[in-house]
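Participant: My questions will all concern the structure given below.
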Amino acid sequence: MKIAVISDIHANTLALEEVLKEIKKLKADKIFCLGDILMAGYDPNGTAELILNLNNLEIIQGNTDNMVANFNFELLEKAKKKAPCMGYALEDDLKIINEKYKDFVRNLPQKKYVEVNGLKIELVHGSPRQQDENIYPSLALDEVEEMVKNSDASLILCGHTHLPCGYALNSGKTVVNVGSVGRSMTQDRMPNWAMLEISDDGTFQIEHKITKYDNKKVSEIISQRGFLHADDLAKMYV
Ligand SMILES: [Fe+2]
């Protein structure tokens, strides 16, 4: 069984299309999507439509999906203060995102267990204990162990930080952060995702993947969106 794992698309339809082409070429049987599909990109409705049309999809909600779905004025002001380009992007996104896609992400679970060939997998956005907790590449093993101690799964898949990494813990659990399709924070800014291959006996291999796409084009489109601090957001793509 081959499963493509994607996360943090952030309304970047161009990046998602390129990744989906590669997933099709590699003949994945399923796709897991770990959330953050809508906010702070250039095409939330187009991205949502692509996601909704995928077959054999397991999907959970990310923290920014939650922000879009359960928006209120106080949250928006807080977001603008914390990271102005994100706050103003959210304000602009709320004007253009179709209500049916807000409903879609509102109703997604924050985490999910999936069992494949006896392998128990937990899908989370940040960590098993918190939707917006960061599993970064630089953490100590015992810090990660603490974050996943209440998970029953042997394999925990996460995103959120936009930086891919992986941990083989002393407890026997494996934790893999697949990075971001739509706004990667790696040096080259190219989409990151992972391919998981599970044998009939439940043993598995997981491999980080990088797909090339036209990041400069997306950066230009974002700077043209015209909301306050859009240029700062655009710089994050190149
Ligand atoms: Fe994200």
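No lab work stands behind these numbers, since they all come straight from the coordinates. The structure presented is a predicted model; accordingly, all values stated were derived computationally and were not measured. FYI the Cβ positions are ideal-geometry reconstructions off the backbone, even for glycines, and counts take in every protein chain you see.
Participant: Need the full-extension length gain, Glu220 to Asp200, defined as separation in residues times 0.36 nm minus the C-alpha distance. One decimal, nm. Show your work: numbers first, answer last.
Facilitator: Details: separation 20, 0.36 × 20 = 7.20 nm, distance 4.60 nm.
Using 0.36 nm per residue and subtracting the Cα-Cα distance, I get 2.6 nm.
Participant: Rounded to the nearest 500, what is the 222 nm mean residue ellipticity of the chain from helices alone, with -39500 (n - 2.57) per DSSP H run of 4+ residues and division by all residues? Display every interim value, and only then the final one.
Facilitator: Numbers: 9 runs with 82 residues, N = 238.
Value at 222 nm, helices only: -10000 deg cm²/dmol.
Participant: Hey, got the Cα dimensions of segment 18-153 along the principal axes, in Å, largest first?
Facilitator: Over segment 18-153, Cα extents along the principal axes are 44, 37, 25 Å.
Participant: May I ask which residue of Asn55, Val68, Ala89 lies farthest towards the positive end of the charge dipole of segment 51-92, with charges of +1 (Lys, Arg) and -1 (Asp, Glu) on Cβ and the Cα centre as origin?
Facilitator: Of the options given, the answer is Ala89.
Participant: Compute the distance in nm between two label points, each set 7 Å from the Cα along the Cα-to-Cβ direction, one at Val116 and one at Glu49.
Facilitator: With each label placed 7 Å out from Cα toward Cβ, I get 2.9 nm.
Participant: Which FRET efficiency, nearest 0.05, do Leu169 and Glu99 yield, Cβ-Cβ r, R0 45 Å?
Facilitator: Values: r = 42 Å, r/R0 = 0.93.
E(calc), rounded to 0.05, equals 0.60.
Participant: Taking loop as defined by DSSP and a crowding limit of 14 other beta carbons within 10 Å, which trypsin sites (Lys or Arg not before Pro) in segment 56-136 fit?
Facilitator: Numbers: sites: Lys78, Lys80, Lys81, Lys82, Lys95, Lys100, Lys102, Arg106, Lys111, Lys112, Lys120, Arg129; in loops: Arg129.
Here the trypsin sites (Lys or Arg not before Pro) that fit, given the DSSP loop and packing criteria, are Arg129.
Participant: Further, regarding this structure: How much length is gained if the chain between Asn107 and Ser138 is pulled fully straight, taking 0.36 nm per residue apart and subtracting their Cα-Cα distance, in nm to one decimal?
Facilitator: On the way: separation 31, 0.36 × 31 = 11.16 nm, distance 3.28 nm.
Once the chain is fully extended between Asn107 and Ser138, it gains 7.9 nm.
Participant: Per the Cauchy relation, a quarter of the hull surface: what is the mean projected area of the convex hull of the alpha carbons in the chain, in nm²? Each step should come with its number before you reach the end.
Facilitator: On the way: hull surface 48.2 nm².
Projected over every direction and averaged, the Cα hull of the chain covers 12.1 nm².
Participant: Still on this structure, I have one more. Just to confirm a number: summing +1 for Lys and Arg and -1 for Asp and Glu over residues other than Asn117 whose beta-carbon lies under 9 angstrom from that of Asn117, what do you get? Can you show the working numbers first?
Facilitator: Working: positive: none; negative: Glu115, Asp200, Asp201.
Here the count lands on -3.
Participant: To continue, here is another question. Looking at the P(r) of segment 137-203, how many percent of alpha-carbon pairs lie beyond 17 Å? Mind showing how you got there, number by number?
Facilitator: Working: 1016 of 2211 pairs.
I get 46 percent for the Cα pairs in segment 137-203 exceeding 17 Å.
Participant: If I stretch the segment between Asp231 and Asp188 completely, what's the gain in nm (0.36 nm per residue apart, minus their alpha carbon distance), one decimal?
Facilitator: On the way: separation 43, 0.36 × 43 = 15.48 nm, distance 1.87 nm.
Contour length minus the Cα-Cα distance gives 13.6 nm.
Participant: What do you get for trypsin sites (Lys or Arg not before Pro) in segment 16-65 restricted to DSSP loop and a cutoff of at most 10 other Cβ within 10 Å of the site's Cβ? All intermediate terms of the calculation are to be shown ahead of the outcome.
Facilitator: Details: sites: Lys21, Lys24, Lys25, Lys27, Lys30; in loops: Lys27.
Passing both the DSSP loop test and the Cβ count: Lys27.
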